[in-house]
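Read the figures in this text as sums done on the coordinates, not as results from a lab. Here the structure is a predicted model, which means the values were calculated and not measured. Backbone-built Cβ (ideal geometry, glycine too); neighbour counts: all protein chains shown.
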Amino acid sequence: MNHLLKLADLSSEEIVEILNLADQLKYEQKNGIEHPLLKGKTLGMIFQKSSTRTRVSFETGMYQLGGAALFLSPRDLQIGRGEPVQDTARVLSRYLDGIMIRTFAQSEVEALAEYGSIPVINGLTDYCHPCQVLADLMTIREYKHSFKGLKLCFIGDGNNVANSLIVGCIKMGMEVAIGCPESYKPDADIMKWASENGKFTCTPDIFAAAKDADVLYTDVWASMGQEEEFKERCKIFSAYQINDEVMAAAKPDAIVQHCLPAHREEEVTEKVFEAHADEIFDEAENRLHVQKAVMVRLMGKKQHE
């Protein structure tokens, strides 16, 4: 594991190693045990999309690991004025120990990794969101204690989160069902891979998708960069909501997840959201712990001793 560009690049064993280390780091933090495993190391954080959880969790995580994080917006970098990404990668590699980037094109993340000589972490692209789904998997295991025999149902836009959920959950041996409109399916290659490597379905029928699910997951109807489509998307996705009826189709002890921010009464009702708020905000907190584990694996010791 040299980078975290997408979950498809990781083996099932590597994902489990990250989750185990995240569990240990979370335990230590909760019990006041310091772990300065990245003392003296610096992470550059390139943000071409706005962020709450990604920025705060990475910056806090580096501080707790004994290192430092630099917030770099396009306004602060020559990349925002046309410097090729390959040149930016080679320059930053001379100064930093790692790069986290939150941007639009997956190709930009891949180019940073190709031309740089330090680890690159994908903080989000339009294609995938690996850090989010590692936190989701960590949370599922906390609540369900195992991945064996579990079914996850994602309802909504087959977006970057859906793409990474499919890969991460299939690699952990879970069943995945996507409930989405026909024109908003996840990436075709990812769905083909999932069908060949696990139990996977994609259907416009949200009740069929949610049937006997252990985990129900949703995301906003319009992601960043899609604001102009919001009114049209509201019409298309109005029936794609986690509500009492959908909850009734899932298992009685099903948990609910949301990558946040949430738009209550759109993709999820206020009632369902608040009933499952503990699960949703544990999931948000786990972004911190799992990203610390990723940074330690990439920028520090291979094993946390």
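Side notes on the structure shown:
- Over every Cα atom in segment 130-284, the radius of gyration and the widest Cα-Cα span, Dmax, amount to 14.0, 41 Å.
- Within a Gaussian network of the chain (alpha carbon springs, distance under 10 Å), most fluctuating of Thr52, Thr203, Thr103: Thr52
- Cleavage-rule hits (trypsin sites (Lys or Arg not before Pro)) in segment 19-123: DSSP loop, at most 12 neighbouring Cβ within 10 angstrom: Lys39, Arg75
- Net lengthening on full extension, Leu260/Tyr63 (0.36 nm per residue, minus Cα-Cα): 68.6 nm
- Stretchable slack from Glu285 to Glu182, in nm (0.36 nm times residue separation minus alpha-carbon distance): 33.8 nm
- Over the chain, the hull volume per residue, using the convex hull of the C-alpha atoms, is 125 Å³.
- Inter-centroid distance (Cα atoms) of segment 77-150 relative to segment 11-34, Å: 19
- Among the trypsin sites (Lys or Arg not before Pro) found in segment 224-305, those both in a DSSP coil and sparsely packed, with 16 or fewer other Cβ atoms within 10 Å of their Cβ, are Lys301, Lys302.
- Distant-in-sequence amide H partners of Asp126 (H built 1.01 Å from N, under 5 Å): Ala105, Gln106
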